Amino acid sequence: MEKTIFHLEQTKIPRQWYNVQADLPVPLPPPRHPATGNPICADDLAPLFAREVIQQEMSQERWIDIPKEVLDVLKIWRPTPLVRAVNLEKALKTPAKIYYKDESVSPAGSHKPNTAVAQAFYNMKEGIKRIATETGAGQWGSALAFATNIFGLECTVYMVRVSYDQKPYRRSMMNIWGAEVFPSPSLRTEAGKQILEKDPHSLGSLGIAISEAVEDAVKHKDTHYSLGSVLNHVVLHQTVEGLEAKQQFEMAGVEPDVLIGCAGGGSNVAGFLFPFLPEKLKGKNIRFVAVEPTACPTLTKGPYRYDFGDTAGMTPLLKMYTLGHTFIPSGIHAGGLRYHGMSPLMSLLYNQNLIEARAYPQNPVFEAAMMFAKCERIIPAPETAHAVKAAVDEAIRCRETGEEKVIAFLLSGHGHFDLSSYDKYMSAGLEDFEHPEEEISRAISEIPGVE
């Protein structure tokens, strides 16, 4: 097996996060209060988030220092490898060079601890005792359970029902690190009860699970809410990915032509792409590609509108690409990509034509994942497999045109707890689901009329 890992020993863990808000081509539309529709202030967010998290959410500073206590934890697995996928290149017979930034090496197996550690630290520092959150495929819940265990906090996770059933060992991982995990919708919250009254067999959605976690946090003074994607501070914390990758490419004397990441709420792809944005804005010819499932085509079919981040309408209204906060996608195995909205920062840059988007059905995604696993010996998570598929397609295009491009994607997590989905693919049991246009239209029609 041939494998090239670039300058891991020389790579320095970033000491600061990069805040893309300082370099946006146009201002980011402000979040709005769910009741009044007015722009929110810091006090509006205080019941949910730690003060320093709120400051980071609203900050316009280009660089924000990473606390020593957070760096000490990140050093457990960072810096992460930048790897050239030599065997995949050979299998594809492509003149392109393919690289991946491997975030699967974290203790939780994904990129999610990059922000979980920071959020847990800031809440501990403020005296919070417990954090409530949601999780789709379980990667975020696992990461937050890991982080709260380190900083001595309790953790309550509302896990989307379909993933709760599909991925029992993700639940086990959360339990091992001390978190309590409940299937969502649940009978623990009013939001969950209302959903179950309408549909006792609801598969759940990230929007529903967010409603439950927010309700839980608001009702308990010692509890805060934590989100694993979408918001500005989450994207900020994930920029360690791209900052390290920039160093590694520079040391290798390589300039990437295409950067790719899977897109659910947008945090992993944003963390990979955003540190390269200043060069793109200065005219460098580099493409950014966000990849989503056809079962939840937020960027490729959603409008750019103000919408709630949760199903019950408890969160601030965010200007984003959205399929509507009542949208419930099918139970695809890429549970982390089953979210109706997209990061406001990602949405703004997509609206400005600085990011491309594409959507794939399940079977071709798993086909690409199987090829990658056989060539590179890493089994990617179903979410990550969307980025693998896009990288493979780019490499095939280079084979057809003869272009020697440099293609890089973020390997956002491994698929060790997703093997049942691979079993289903290998037994031809996966459905290529494209959400019906009438269902998308119905959910979009319920988006609030806020401008």
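Report the full-extension gain for the segment Phe433 to Tyr169: residue separation times 0.36 nm, less the Cα-Cα distance, to one decimal in nm.
Gain on stretching Phe433 to Tyr169: 92.5 nm.
If you put +1 on each Lys and Arg Cβ and -1 on each Asp and Glu Cβ, how big is the dipole of region 19-116 around its Cα centre, in Debye rounded to 20?
Around 680 debye, computed over region 19-116.
With the alpha-carbon atoms as the only input, what is the per residue convex hull volume for region 104-180 in Å³?
Measuring per residue, one finds 70 Å³ for the Cα hull of region 104-180.
Positive end of the charge dipole of the chain (Lys, Arg +1 and Asp, Glu -1 on Cβ, about the Cα centre): tell me which of Ala263, Ala387, Leu74 has its Cα farthest that way.
Positive-most Cα among the choices belongs to Leu74.
Give me the dipole magnitude in Debye, nearest 20, for region 45-184 about the Cα centre, with unit charges on the beta carbon: positive for Lys and Arg, negative for Asp and Glu.
With Lys and Arg at +1 and Asp and Glu at -1, about 560 debye.
Restricting to region 251-375, compute how many DSSP beta bridges are antiparallel as a %, nearest 5.
40 percent
Can you tell me what the convex hull of the Cα atoms of region 199-286 projects to on average, as an area in nm²?
For region 199-286, the mean projected area of the Cα convex hull comes to 8.6 nm².
Taking the DSSP beta bridges in the chain as the whole, what percent of them are antiparallel, to the nearest 5?
35 percent
Measure out, as a whole number of angstrom, how far apart the alpha-carbon centroids of region 372-451 and region 128-177 sit.
24 Å
When the Kirkwood radius is taken over all Cα pairs of region 50-201, what Stokes-Einstein diffusion coefficient follows at 25 °C and 0.890 mPa s, in µm²/s?
Reported coefficient: 140 µm²/s.
Report the full-extension gain for the segment Val218 to Val105: residue separation times 0.36 nm, less the Cα-Cα distance, to one decimal in nm.
The Val218-Val105 span can extend by a further 37.3 nm.
What three numbers, in Å, describe the spread of the alpha carbons of region 32-127 along their principal axes, ordered from the longest?
Extents along the principal axes: 57, 34, 25 Å.
Quick one: compute the contact order of the chain, relative version, from alpha carbon pairs under 8 angstrom and 6+ residues apart, as a percent.
Relative CO of the chain lands at 19 percent.
Going by a ≥ b ≥ c, the root eigenvalues of the Cα gyration tensor, does the chain fall in the rounded group (a/c under 1.5), the prolate group (a/b larger than b/c) or the oblate group?
Rounded is the answer for the chain, as its axis ratio a/c remains below 1.5.
Can you tell me which aspartates and glutamates have their Cα less than 14 Å from the Cα of Lys167? Leave out same-chain residues fewer than eight positions away.
Glu383, Asp418, Asp423
Expected output is a single nm value to one decimal: the length gained when fully extending between Gln194 and Lys12, i.e. 0.36 nm times separation in residues minus the C-alpha distance. What is it?
The Gln194-Lys12 span can extend by a further 60.6 nm.
Can you find, among Ala312, Ser412, Cys398, the residue sitting farthest towards the positive end of the charge dipole of region 312-440, where Lys and Arg contribute +1 and Asp and Glu -1 at Cβ?
The Cα lying farthest towards the positive end belongs to Ser412.
Could you give the size of the charge dipole of the chain about its Cα centre, using +1 on the Cβ of each K and R and -1 on the Cβ of each D and E, expressed in debye and rounded to the nearest 20?
Rounded to the nearest 20 debye, it is 760 debye.
Measuring from a point 7 Å past the Cα of Glu61 along Cα-to-C-beta, which residues in region 264-283 have an amide N at less than 12 Å?
Under cut-off, by backbone N: nothing.
If packing is taken as the average count of other Cβ atoms within 10 Å, what order do 10-18, 302-310 fall into, highest mean first?
My ranking of the peptides, most packed first, is 302-310, 10-18.
By the gyration tensor of its Cα atoms, with a ≥ b ≥ c the square roots of the eigenvalues, what is the shape of region 398-448: rounded for a/c under 1.5, prolate for a/b over b/c, or oblate?
Because a/c hits 1.5 or more and a/b fails to exceed b/c, region 398-448 counts as oblate.
Taken together, the values in this text are just the output of simple stated rules run on the coordinates, not laboratory data. Being a predicted model, the structure only gives us computed values, none of them experimental. Here the Cβ is made from the backbone with ideal geometry for all residues, glycine too, and neighbour counts use every protein chain on show.
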